[in-house]
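These notes concern the structure reproduced below.
Where a number appears in this text, it was derived from the coordinates with a stated rule and is not lab data. In this text, all values refer to a predicted model and were calculated from it rather than measured experimentally. Every residue, glycine as well, gets a Cβ built from its backbone with ideal geometry; the counts of neighbours run over all protein chains shown.
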């Protein structure tokens, strides 16, 4: 159950494509009233986790840079804040930081690099090239907030209740138990052949991954786990989750190279409970 709201309620500290902040009001009636442990295998910005703030959770993702950032904010926040204080909103500085290899930085500085680039890059977009390197250009903002220390502290407190690990989504089968709640927010199936954005991680997320996810979903259902999944409204998604409860919600698409193609769009929520 979600605890009462407080004045320092955490919000996602990373902007993430497909973030669910705008959908939380529509999702509210869809969340299960009671559940055991919470699992989120595609944690991204963590909007649903920070909204529910469950007392026991496992957050995971196959994006190692994201996982390291969450762990650093949970375990070493003062060092992260200190490292963020050394970053400035400047084009030359941005590209110098982007060129750094995160694997060669201490954990707190690695997290600060991730947060800094996320807050100052073009459109808040996370994208990597074929070698796994972050390659988003410098963004144009009037005065971006690089370090929101109060929110980072609230997020750190919430994350202390969570186990955080790098893992592919099928690993949830090794830990979810009957009565637990799993929320899947995978890279969405494309609405068209030209809309296929797979660059959140090296290798992308293909149709065979969507089908494997549906298989994992069905296995969790068979085991008595409560499962909720978000995805685009496409024939493939409706087909591979036929037999489950499907709810339509209205979202706003924010990331598209053409402004005219941004706006309201229908998405699907797949539930195995009522």
**Against the rule of thumb 2.2 N^0.38 Å, how large the Cα Rg of the chain comes out** = 0.99
**Message:** Please list, by residue number, everything in the stretch 122-163 whose backbone N is under 18 Å from a paramagnetic label point 7 Å out along Cα→Cβ of residue 8.
**Reply:** 147-162
**Message:** Can you order the peptides 11-18, 230-237 by their average number of other Cβ atoms within 10 Å per residue, highest first?
**Reply:** 11-18, 230-237
**Asked** Tell me, how many Å apart are the Cα centres for the stretch 5-56 and for the stretch 76-104?
**Response** 27 Å
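Going by average Cβ density within 10 Å per residue, which order do the peptides 45-56, 157-168 take, highest to lowest?
Numbers: 45-56: 21.2, 157-168: 16.9.
Packing order, densest peptide first, comes out as 45-56, 157-168.
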**Asked** So between residue 239 and residue 92, what do we pick up on full extension, going 0.36 nm a residue minus the alpha carbon distance?
**Response** 48.1 nm
**Message:** Quick check: from the Cα gyration tensor, does the stretch 83-152 come out rounded (a/c under 1.5), prolate or oblate?
**Reply:** oblate
**Message:** Given R₀ = 51 Å, what would the calculated FRET efficiency be for residue 177 paired with residue 141, taking r from the Cβ atoms and rounding to 0.05?
**Reply:** 0.70
**Sorted peptide list for 97-103, 134-140, criterion being average Cβ within 10 angstrom, highest first** = 134-140, 97-103
